Amino acid sequence: MLLEVENLHYTINENPLFSRFNLAIEEGNHHLLVGPSGSGKTTLINLTCGLLSPEKGAIRVAGHDMAAVSESGRDKIRREHIGIVFQTLRLVSALDLSANLLLAQRLSRGTTDAPLIASLLERLGIAHRAKAKPHQMSQGEAQRAAIARALVTRPRLLIADEPTSALDESNAQQVADLLLECAADYGVTLLIATHDDRLKPLFPNQIALTDHMLKAA
Ligand SMILES: Nc1ncnc2c1ncn2[C@@H]1O[C@H](COP(=O)(O)OP(=O)(O)OP(=O)(O)O)[C@@H](O)[C@H]1O
C-alpha cells in the first residue's frame with residue numbers, strides 16, 4: 001500500500017476534524033479528495049506529508065509510519081516518496097523556472113538531474129518558459145511549473161492541492177490531462193484535493209470529506 005491512514009484523530013481548537021478516519025491508496029490508483037471548504041482537505045494533506053502530526057493513529061507512506069519517526073525522519077520520508085503541488089504554488093520568485101527545478105532537486109536529493117528537468121518541461125509544455133520567472137508566467141504555466149517542481153524528485157505519490165480551481169476551462173482541462181499523463185509516464189500515484197467538479201469525471205476513486213465527521217467514500 002502506498003498510503004495508509006489508520007484510525008486518525010486530529011483536533012483543531014478542541015473541534016475534532018478527524019475522528020477514527022481511515023484511508024488506503026494503492027500504488028497506481030489515483031484519488032480525488034473532495035469536500036466543502038473547511039472539511040479538512042489541506043489539513044489531511046499536511047498530515048500525510050508529515051507537516052502536521054496526528055494526535056492518534058498511524059499514517060504510513062510506502063510502509064513508513066510518519067508518526068513513529070522524528071521530524072527529520074518525516075522530512076526524509078517526504079523527500080523520498082512525495083511530491084507536493086501547494087495551492088499557493090510556492091515557486092521561488094527570484095529564480096527562473098529552470099533554477100527553481102534545479103533547486104528543488106538539490107534540496108531534496110543533494111544532486112541535480114538536468115535530463116529529467118528537460119523531459120518534464122517538454123512534457124508539461126513549458127520548455128519555452130525555462131528562463132521565465134514565476135511572475136512572468138501565466139496562471140496555467142505557473143501551475144504546470146509547480147507540477148514539474150513536484151515531479152523533479154521522482155516521487156511515488158504526487159499530492160496536489162486545488163491544482164485547477166483557479167484556472168479557466170481550457171487550462172483546467174489541460175492541467176488535469178497533464179497530471180494523468182505525467183502520472184502514467186513517470187509512474188506516480190495522484191492524490192488531488194479539490195472542490196472543482198470538472199475533475200470528478202476523470203477520477204473514479206473519490207474520498208469524500210464532510211464537515212467534522214469524516215468517512216472514506
Ligand atoms: N492553523 C489553524 N488554526 C485554526 N484553525 C485551523 C487551522 N488550520 C485549519 N483550521 C481550520 O480547520 C478546518 C479545516 O481546514 P482545511 O484548510 O484543512 O480545510 P479545506 O477543506 O482544505 O478547506 P479549503 O477548501 O477552503 O482549502 C477549517 O475549519 C479551518 O478553519
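Is it the case that region 133-141 has a residue that's touching a Ser or Thr at 6+ places or on another chain (Cβ under 9 Å) and either more than 16 Å from Val85 (Cα to Cα) or of a type in the set (Phe, Trp, Tyr) (or both)? Steps first, answer last, please.
Kept after step one, since they are touching a Ser or Thr at 6+ places or on another chain (Cβ under 9 Å), are these residues of region 133-141: 133-135, 140.
Subsequent filtering for residues that are either more than 16 Å from Val85 (Cα to Cα) or of a type in the set (Phe, Trp, Tyr) (or both) retains 133, 135.
Looking through region 133-141, at least one residue is touching a Ser or Thr at 6+ places or on another chain (Cβ under 9 Å) and either more than 16 Å from Val85 (Cα to Cα) or of a type in the set (Phe, Trp, Tyr) (or both).
Would you mind stating whether Ile77 is among the β-branched types (Val, Ile, Thr), within 16 Å of the ligand (Cβ to nearest atom), modelled with pLDDT under 95 and out of contact with any Leu (no Cβ under 7 Å at 6 or more places or on another chain)? Give the steps one after another, and end with the answer.
Values: among the β-branched types (Val, Ile, Thr): yes; within 16 Å of the ligand (Cβ to nearest atom): no; modelled with pLDDT under 95: yes; out of contact with any Leu (no Cβ under 7 Å at 6 or more places or on another chain): yes.
No, not satisfied.
Looking at Ala67 and the list (1) of a type outside the set (Phe, Trp, Tyr); (2) outside any strand (DSSP E or B); (3) more than 13 Å from the ligand (Cβ to nearest atom); (4) modelled with pLDDT of 90 or more, which single condition is not satisfied?
Going through the list (1) of a type outside the set (Phe, Trp, Tyr); (2) outside any strand (DSSP E or B); (3) more than 13 Å from the ligand (Cβ to nearest atom); (4) modelled with pLDDT of 90 or more, Ala67 breaks only (4).
State all residues of region 81-101 that are in contact (Cβ under 8 Å) with a residue 24 or more places away in the chain and assigned to a helix (DSSP H, G or I); if no residue qualifies, say none. Don't jump to the end; show me each part of the working.
Initial filter on region 81-101 (in contact (Cβ under 8 Å) with a residue 24 or more places away in the chain): 81-87, 89-98, 100-101.
Selection gives His81, Leu97, Ser98, Asn100, Leu101.
If the requirement is being of a type in the set (A, V, I, L, M, F, W, C), surrounded by 15 or more Cβ atoms within 10 Å (Cβ to Cβ), on the phi < 0 side of the Ramachandran plot and within 16 Å of the ligand (Cβ to nearest atom), which of these qualifies: Leu47, Leu89?
Values: Leu89 fails: on the phi < 0 side of the Ramachandran plot.
When all the criteria are applied, what remains is Leu47.
I'd like to check something: does region 162-178 contain any residue that is within 21 Å of Val61 (Cα to Cα), touching a helix residue (DSSP H, G or I) at 6+ places or on another chain (Cβ under 9 Å) and touching a residue at least 24 places away in the same chain (Cβ under 8 Å)?
Taking region 162-178 first, the residues within 21 Å of Val61 (Cα to Cα) are none.
No, region 162-178 contains no residue that is within 21 Å of Val61 (Cα to Cα), touching a helix residue (DSSP H, G or I) at 6+ places or on another chain (Cβ under 9 Å) and touching a residue at least 24 places away in the same chain (Cβ under 8 Å).
Could you tell me how many of the residues in region 9-23 are free of Cβ contacts under 8 Å to residues at least 40 places away in the same chain and loosely packed, with under 14 Cβ neighbours inside 10 Å? Before the answer, list the steps.
At the first step, the residues of region 9-23 found to be free of Cβ contacts under 8 Å to residues at least 40 places away in the same chain are 12-14, 20.
Next cut, loosely packed, with under 14 Cβ neighbours inside 10 Å only: 12-14.
Looking only at that region, the number is 3.
Restricting region 109-160 to residues that are polar (S, T, N, Q) and either surrounded by fewer than 19 Cβ atoms within 10 Å (Cβ to Cβ) or not in a helix (DSSP H, G or I) (or both), which is farthest from the chain's Cα centre (by Cα)?
Filtering region 109-160 for residues polar (S, T, N, Q) gives 111-112, 119, 136, 138-139, 143, 153.
From what's left, either surrounded by fewer than 19 Cβ atoms within 10 Å (Cβ to Cβ) or not in a helix (DSSP H, G or I) (or both): 111-112, 119, 136, 138-139, 153.
Working: Thr111: 22, Thr112: 21, Ser119: 20, Gln136: 24, Ser138: 21, Gln139: 18, Thr153: 13 Å.
Selected residue: Gln136.
The values are calculated or read from the model by the stated rules, or taken from the named source; none is laboratory data. For clarity, every value in this text was computed on a predicted model and none was experimentally measured. All Cβ positions, glycine included, derive from the backbone under ideal geometry; neighbour counts span all protein chains shown.
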